[in-house]
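As structure tokens, the structure follows; a few thoughts come after it.
The values are calculated or read from the model by the stated rules, or taken from the named source; none is laboratory data. Note that the structure is predicted; figures quoted are calculated from it, not measured. Neighbour counts run over all protein chains shown; Cβ positions are idealised from the backbone, glycine included. Heavy atoms of the whole protein, side chains included, go into the accessibility calculation; ligands, DNA and RNA do not. Shrake-Rupley method; radii C 1.70, N 1.55, O 1.52, S 1.80 Å.
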Amino acid sequence: VIPSIESVKGFRVAGVHAGLKKENRLDFALIRSRTNCVTAGVFTTNKVKAAPVLLNMERINNNPESIRAVAINTVSANACTGWKGMDNARLTAQQVAEHLEIEPEQVLVMSTGVIGTHLPMDKISRGVELASESLGQDWGAAATAIMTTDTRPKFASVKVMTPNGEYTIAGIVKGAGMIAPNMATMLSTIVTDAKLSLSQVQTALQVANQQSYNRIVVDGDTSTNDMVVLMANGMSTTAIDDGYDMQVFQEALNALTQ
């Protein structure tokens, strides 16, 4: 595992300044896959779940094999915001879909920041526009753009060589302050160009989560917005068979999340 990301086949990212933070600091990130992704998610166990958590749970449940993008904003958590919060989460996804020419149901959204505040949709719209226009391979910018109280961006990747070919797993994560049992105040997006089935993605993420994010404790709280998603687009064409291949993938994913 290396603390950098060069590229993952089929994925492009951006981290931009949408005006959510002051002083031109990066504050909005977008991750896009060229093709459909088999996707799994792990979400907060808090009884109070933010709008983006509820929306993503719905979309991954209904549409787990055709997710294409994740949009992440800072400053506002869009939590405890009622129906308007759900409408804004859906509107964010819709705007991303329009810019990327995909369906709204293929877009996931993540929010982090102050609870009880509505998304400033003019700035969110600006972020969507800027990020869509600047998609590339600057994963460092994307990792920086999702920071809140973090002292440094966190991103890493691992390349795995197999007899069938090679594949990459990479991810960005934010989390500080109240990191606690079960991912509190943590957002993470992990991507891979390996070819996996839905059951493989679901199992791999759950196992990795229990060996990494769910072992961090600071103050015992869980948050309204915690989530981690794993997206596999298969563009390396390296298929992961059950058995030894899956064991190798799991070990690589565990190392990455840790």
Report, to two decimal places, the Cα Rg of region 98-147 normalised by 2.2 N^0.38 Å (N = number of residues).
-> 1.27
So the pair-distance distribution of region 47-115, from every Cα-Cα distance in 10 Å bins, comes to percents of 23, 55, 21, 1
On the formula 1/(1 + (r/R0)^6), with r taken between the Cβ atoms of S4 and T149 and R0 of 25 Å, the FRET efficiency rounded to 0.05 is 0.65
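With a 1.4 Å probe and all protein chains left in place, how much of the accessible area of region 83-162 comes from carbon and sulfur atoms, in whole percent?
After summing per-atom areas, the C and S share lands at 53 percent.
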How many Å² of accessible area per residue for the chain, probe 1.4 Å?
-> 42
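Expressed in whole Å with the largest first, what are the equivalent ellipsoid semi-axes of the chain derived from the C-alpha gyration tensor as the square root of 5 times each eigenvalue?
Each semi-axis is the square root of five times an eigenvalue, giving 26, 20, 17 Å.
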Projected onto the charge dipole of the chain (unit charges on the beta-carbon of Lys, Arg, Asp and Glu, signs +1, +1, -1, -1), the Cα from L205, V114, L91 with the largest positive-side position is that of V114
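Can you run the Rg to Rh ratio on region 1-98? Use alpha carbon positions and the Kirkwood inverse-distance Rh.
0.98
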Starting from the Cα-Cα distance between R215 and K159, subtract it from 0.36 nm times their residue separation and give me the gain in nm to one decimal.
-> 17.7 nm
Go ahead and run the numbers for FRET between L198 and I115, Cβ-Cβ distance against an R0 of 25 Å, rounding to 0.05.
-> 0.20
Treating only the Cβ atoms of Lys and Arg (+1) and Asp and Glu (-1) as charged, compute the dipole magnitude of the chain about its Cα centre; round to the nearest 20 debye.
-> 500
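Once the cut-off is 15 Å, how many percent of the Cα-Cα pairs in region 1-43 end up in the long-distance tail?
Taking all Cα-Cα pairs of region 1-43, the fraction more than 15 Å apart is 63 percent.
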Counting other Cβ atoms within 10 Å, which GluC sites (Glu not before Pro) in region 1-78 have at most 16 and lie in a DSSP loop?
-> E6, E23, E65
The Cα radius of gyration of region 120-167, divided by 2.2 N^0.38 Å with N its residue count, comes to 1.64
Per principal axis, largest first, the Cα atoms of region 76-163 extend in Å by 50, 34, 25
Which entries of K174/K195; K22/K123; K9/K174; K123/K154 show an alpha-carbon separation above 20 angstrom in the structure shown?
-> K174/K195; K9/K174; K123/K154
Starting from the Cα-Cα distance between N24 and E133, subtract it from 0.36 nm times their residue separation and give me the gain in nm to one decimal.
-> 37.5 nm
Binning every alpha carbon pair distance of region 30-183 at 5 Å from zero, what are the percents per bin?
-> 2, 9, 17, 21, 22, 17, 8, 3, 1, 1, 0
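How large a share of the accessible area of region 1-73, in percent, is made up of carbon and sulfur atoms when the probe is 1.4 Å and the other protein chains stay in place?
46
Calculate, in whole percent, how much of the Cα-Cα pair population of region 78-117 lies beyond 11 Å.
Cα-Cα pairs in region 78-117 separated by more than 11 Å: 62 percent.
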In the full protein assembly as shown, how much of K159 is accessible to a 1.4 Å probe, in Å² to the nearest 10?
-> 120
Roughly how many Å² of I2 are accessible to a 1.4 Å probe, to the nearest 10?
-> 80
